[in-house]
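So the structure is just underneath, and the comments pick up after that.
Read-outs: derived from the displayed coordinates by stated rules, not from any lab. Predicted model, so just to flag it, every value in this text is computed and none were measured. Here the Cβ positions follow ideal geometry from the backbone for every residue, glycine too, while neighbour counts run over all protein chains shown.
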Amino acid sequence: MLEVEHLRAWYGHTQALFDVSFSLPTGGCVALVGTNGAGKTTTLRAVLGLVRSQGSVRIDGQEVSGKQTHRRIQDHGVAVVHEGRGLLKDLTVRENLVVGNKAAARSGVSAAVDLFPALKDRLSERVSNLSGGQQQMVALGRAVLRQPQYVLLDEPSLGLAPSVVDEIYRYLAVLRETGLTMLLVEQSVPRATSIADRLCLLRTGATALDVDASDPAAVEHLMATAFSAEGAAPATAPTAASATTATTTAQRSGAQPLPTAPGTDGSS
Ligand code: ATP
């Protein structure tokens with residue numbers, strides 16, 4: 001289980017996160033959604049300890065906010081698929097699958113090929129020759145070969161054509177079936193809804209809503225809130241039923257005041 005509470009983060013003296021909270025149960029999938037600049041990627045970076053932050057990040061019940069990034073990743077079985085995929089374009093598919101992973105270099109890539117059979121005939125090909133969708137498959141396969149408990153995905157559909165995005169989401173569904181715990185950054189609420197159990201809407205660096213992705217009224221309210229100027233959406237206010245699944249940060253946290261100055265006990 002990954003639990004994030006009152007997370008704040010800074011780039012230099014500029015505060016980017018003000019109060020992000022969500023909970024990701026083992027085997028579940030939470031999608032961080034929101035408009036450009038809302039703080040989705042920064043939340044992922046703060047969970048990993050890649051940006052100076054305050055607040056609580058617990059993985060498997062253990063507070064990790066004092067841990068360095070590599071310890072969070074190694075101790076808790078975290079794999080990351082970064083925005084832009086982070087592949088080495090001059091290396092082959094096989095080389096990319098095992099790069100930096102001695103165990104996979106020894107034992108082979110069959111776990112990735114079993115999951116994504118389309119990779120089988122492309123293993124000796126340079127990654128740069130593959131389509132965007134196929135490259136995303138390599139990035140996901142590389143994550144799988146790390147045998148993670150948690151996979152963190154930053155906008156896996158970024159820059160891809162809609163038909164390719166459909167393909168990617170089919171791969172993500174396959175990944176989910178393996179029992180992985182998934183934290184997904186996704187701008188598209190409908191895409192996120194297709195795979196996640198819960199949607200966490202970020203606005204200006206804070207959790208604005210946290211809703212059950214299987215509740216259409218709650219998701220509709222979230223979409224209206226995401227694109228409204230004030231963060232409220234009276235025309236599509238949640239029904240009594242959806243109100244039970246849509247909680248605001250203020251409700252959850254008891255309306256903690258937001259900090260105004262950069263913190264000093266950051267994790268990185
Ligand atoms: P996008 O979908 O556009 O990536 P996002 O929701 O992921 O948006 P972040 O990238 O987390 O948003 O950005 C949150 C805030 O932090 C924004 O105001 C952004 O300008 C700022 N920010 C992001 N990266 C940096 C950086 N390296 N240095 C300074 N400010 C940054």
Under 28 Å Cα-Cα from LYS102, which lysines qualify once same-chain neighbours fewer than 8 residues away are excluded?
-> LYS67, LYS89, LYS120
Residues whose placed amide H lies under 5 Å from that of VAL80, excluding near-sequence neighbours = LEU152
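When you count, for each residue, the other Cβ atoms within 10 Å and take the mean per peptide, how do 118-127, 5-14 rank with the highest first? Numbers along the way, then the final one.
On the way: 118-127: 15.3, 5-14: 16.8.
Packing proxy ranking, top to bottom: 5-14, 118-127.
I need the semi-axes of the equivalent ellipsoid of the range 96-139: take the C-alpha gyration tensor, multiply each eigenvalue by 5, square-root it, list largest first in whole angstrom. Show your work: numbers first, answer last.
Details: eigenvalues 61, 27, 15 Å².
For the range 96-139, the semi-axes come out at 17, 12, 9 Å.
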What is the extension gain from SER188 to THR26, computed as 0.36 nm multiplied by their sequence separation minus the C-alpha to C-alpha distance, in nm to one decimal?
-> 56.0 nm
Largest to smallest principal axis extent of the C-alpha atoms in the range 69-216, angstrom | 45, 37, 27
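Report Rg/Rh for the range 24-102, rounded to two decimals, where Rg is the Cα radius of gyration and Rh the Kirkwood radius. Intermediate results must be reported in sequence, preceding the final value.
Numbers: Rg = 14.7 Å, Rh = 14.7 Å.
Over the Cα atoms of the range 24-102, Rg/Rh equals 1.00.
So how much slack lies between GLU83 and THR14, counting 0.36 nm per residue of separation and subtracting their Cα-Cα distance, in nm? Provide the component values of the computation, followed by the final result.
Numbers: separation 69, 0.36 × 69 = 24.84 nm, distance 2.20 nm.
Extending this stretch completely gives an extra 22.6 nm.
With r defined as the distance between the Cβ atoms of ARG126 and HIS76 and R0 fixed at 30 Å, what FRET efficiency is calculated, to the nearest 0.05? Intermediate results must be reported in sequence, preceding the final value.
Working: r = 33 Å, r/R0 = 1.10.
Using R0 = 30 Å, I get an efficiency of 0.35.
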R0 = 25 Å: FRET efficiency of SER110 with ASP197, Cβ-based, nearest 0.05?
-> 0.25
